[in-house]
Amino acid sequence: PMFEAFVVNRPVATGVVQWQLNSAWPEFYWQLYDWYLMPTGAYFGTKKACQPVNIIYNYHDRKIYVANDILGDITDHTVRATLYDSQSKVLFEQGKKLSVQENSSVVFTELPELSDKKGTYFLNLTLHDSQHKLVADNFYWLSGQEDQMDWDQYYWFYTPQKRYADFHELNDLPQPQVSVTKKVYKEDDEWVVEVNLDNTSKNIAFGIELLLVDNQTENPVLPVYWSDNYVSLVNDDTRTIRARCSLADAPSEPSVIIQGINVERIKK
């Protein structure tokens, strides 16, 4: 969120500090990739936030922005926002064409109030160019009860929370049907693995994680370079994700494990 907040608040926001890139020892938090060179969810979240052209939900003002960080205007792009409840029912949908000048952001729309304070919501955002090619996408899970900071106990380095967002409905999401196909080939001194994910159901497939592993031991192959990871697919959505690793780090053809919050484990 801090990278996205920087993008939508320029030029008022003049910079952002990321702590930390990676860890000098094994630990569970802070890093974008860990001591073992495994990229974390934070890595892919940061990568998504730093797309040159992006569509962003701003938690502060509940508005959706389209940001253009390239040297040139974008014109006649189609932006669409769809809000779902935890049962994948569409609650709000809006789309229109817009243009954005270079090095700027514009407001697309404001999200309606999330009325159920104990409810969990999903927000899917897409941006297509005039040739109907997907330029950017983003996905958020939101709570009707937002985090609340305890500003009466503010410290220069820390502010405690007196209320947390309620995401208990993530434990009871309906299960989707996700089909998986895989293609593996060699390119120079690397394995290239292409995984196609296809959600053939009406239920959202939430938080899909892909792991590149040794076919026999199922130990992770590291380092690995994924084009994307920890993805969520709305109904009838499809996604192709690529991974690269060195032949020296995987002497035999690697396998892929696919799993998610409401997606059963699959090995390909």
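Among rounded, prolate and oblate, which fits the stretch 22-147 when a ≥ b ≥ c are the square roots of the eigenvalues of its C-alpha gyration tensor, a/c under 1.5 means rounded, and a/b larger than b/c means prolate? Mind showing how you got there, number by number?
Numbers: a/c = 2.22, a/b = 1.18, b/c = 1.88.
Taking the square roots of the gyration eigenvalues as a ≥ b ≥ c, the stretch 22-147 is oblate.
Give me the percent of accessible area attributable to carbon and sulfur for the stretch 61-117, probe 1.4 angstrom. Carbon and sulfur: 43 percent of the exposed surface of the stretch 61-117. Among the chymotrypsin sites (Phe, Trp or Tyr not before Pro) within the stretch 1-106, those in coil by DSSP and having at most 16 neighbouring Cβ atoms inside 10 Å are Trp19, Phe28, Tyr29, Trp30, Trp35, Tyr36, Tyr59. A straight chain from Gln20 to Gln216 at 0.36 nm per residue would run longer than the Cα-Cα distance by 67.2 nm. Loop-located trypsin sites (Lys or Arg not before Pro) in the stretch 65-162 (DSSP state not H, G, I, E or B) with no more than 15 neighbouring Cβ atoms inside 10 Å: Lys89, Lys117, Lys118, Lys133. If one computes the Cα centroid of the stretch 49-116 and of the stretch 1-31, what distance in Å separates the two points? So the separation of the two Cα centres works out to 21 Å. Taking all Cα-Cα distances within the stretch 216-260, those exceeding 16 Å account for 46%.
Which of the residue pairs Lys48/Lys133; Lys133/Lys183; Lys47/Lys97; Lys47/Lys117; Lys63/Lys96 have a Cα-Cα distance greater than 22 Å in the structure shown? Cα-Cα > 22 Å for Lys133/Lys183; Lys47/Lys97; Lys47/Lys117; rest within. What does the C-alpha gyration tensor say about the overall shape of the stretch 146-186? Classify as rounded when a/c is under 1.5, otherwise prolate if a/b is larger than b/c, or oblate. Taking the square roots of the gyration eigenvalues as a ≥ b ≥ c, the stretch 146-186 is oblate.
Rg and Dmax of the chain, based on Cα coordinates, read 19.8, 59 Å.
Calculated [222 nm] ellipticity per residue, helices only, for the chain: -1500 deg cm²/dmol; basis is -39500 (n - 2.57) per DSSP H run with n ≥ 4, divided by all residues, nearest 500. Solvent-accessible area per residue in the stretch 150-230 equals 61 Å², computed with a 1.4 angstrom probe and all protein chains kept.
The values are calculated or read from the model by the stated rules, or taken from the named source; none is laboratory data. All values derive from a computational prediction rather than experimental measurement. Cβ sites come from the backbone with ideal geometry, for glycine too, and all protein chains shown count toward neighbours. Just the protein is used for accessible areas: all its heavy atoms, side chains included, with ligands, DNA and RNA removed. Shrake-Rupley method; radii C 1.70, N 1.55, O 1.52, S 1.80 Å.
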